1. Neighbouring Cβ atoms within 10 Å as the yardstick, rank ARG92, ARG79 fewest first.
2. For VAL108, what is the net charge nearby, where nearby means another residue's Cβ is under 9 Å from its Cβ and Lys, Arg count +1, Asp, Glu -1?
3. Find me the longest stretch of the chain that has none of the exposed GluC sites (Glu not before Pro), where exposed means in a DSSP loop (not H, G, I, E or B) with at most 16 other Cβ atoms within 10 Å.
4. Could you tally the net charge around ASN89, taking each other residue with its Cβ under 13 Å from the Cβ of ASN89, Lys/Arg +1 and Asp/Glu -1?
5. Given Cβ point charges of +1 (Lys, Arg) and -1 (Asp, Glu) and nothing else, what value in debye, to the nearest 20, does the dipole of the range 9-109 about its Cα centre take?
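Every number here is computed from the coordinates shown, using simple stated rules; none is lab data. These figures come from a predicted structure and were not determined experimentally. Note that each Cβ is placed from the backbone with ideal geometry, even for glycine, and that neighbours are counted across all protein chains shown.
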Amino acid sequence: MIVKKLSEAREYVAPNHRACSTLRLFGAEAGGSKALVAGVSHFLPGGGAGPDASPPEKVYYVLAGELTVIVGGKETVLRKNDSCYIGPNESREIVNRGNEVCTIFVAVAAPPA
């Protein structure tokens, strides 16, 4: 088992993200898992990511606040304890349209080695 305290998580730059802080927990440069990359992202009001698409599968789980997820022109608002799955190469945009910070747990399939 590998334990990572939030204080040990390191910030990383996520492409095409705005007004957010992203912390890597496991995978990639953080070590641990080779099959997935896990992190926590904090989006300020107005912050978000995309629109874009990428090959890895993604799962978002809302820990606090609310997040609007836009896929195929359809908007869905996720609130605390809601989650969604984004398939490979599925174009998505996420936006915090609320007035509070939105915090999400993110799991992304790691690219093949």
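1. Lowest to highest Cβ neighbour count: ARG79, ARG92.
2. So the surrounding residues net to 0.
3. Here the longest run is 1-56.
4. -1
5. 120 debye
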